[in-house]
Amino acid sequence: MSVRTKATTTVAAAALAFAGVLGSAGPSSAGSNGQQIHFHDTSTVVYSVRIQGYNQSGESVSGCFTTPGRDTWISGWWWKGEARVTFYRNNSCSFATYYGEETVWVPTVQSGDWTTVSS
């Protein structure tokens, strides 16, 4: 095998390896354009939360999330700016079980990916 063929093969293998690393990158980090919410249930009676606010694209969004434990990491949803978090005593965000609410400020940029909200 000539030096030229070896060099071409080496460059091609390196390019494939680099492309494989890029293709296997994990989900994008929220820390640069909004945050995900970490809910901490200090009351121990909240079983779901509704979060209303703006996502990383500036769209108004709302979601109901069950909170099965004292700490719930609501991943896959990114928030930024003002968000209203409403607490419920059941797992379906039913107004009949309203417990309270909190308005929080979710920074667009911070060192981590999570903003904590407590009941």
Residue list for segment 50-61, filter: under 18 Å from Glu102 (Cβ atoms) and open to solvent by less than 40 Å² (accessible area, probe 1.4 Å): Ile51, Gly53, Val61
Residue list for segment 62-119, filter: touching a helix residue (DSSP H, G or I) at 6+ places or on another chain (Cβ under 6 Å), closer than 14 Å to Gln35 by Cα and surrounded by 19 or more Cβ atoms within 10 Å (Cβ to Cβ): Trp78
The lone exception for Ala30 - which of (1) open to solvent by 50 Å² or more (accessible area, probe 1.4 Å); (2) at pLDDT below 55 it fails: (1)
Test set (1) of a type in the set (A, V, I, L, M, F, W, C); (2) over 15 Å from Ser119 (Cβ atoms); (3) crowded, with 19+ Cβ neighbours inside 10 Å - Ile37 fails condition number: (2)
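The values are calculated or read from the model by the stated rules, or taken from the named source; none is laboratory data. These numbers were taken from a predicted model, which means no experiment stands behind them. With ideal geometry, Cβ positions are generated from the backbone for all residues, glycine too; neighbour counts draw on all protein chains shown. Protein only, heavy atoms only, side chains kept; ligands, DNA and RNA dropped before computing areas. Shrake-Rupley method; radii C 1.70, N 1.55, O 1.52, S 1.80 Å.
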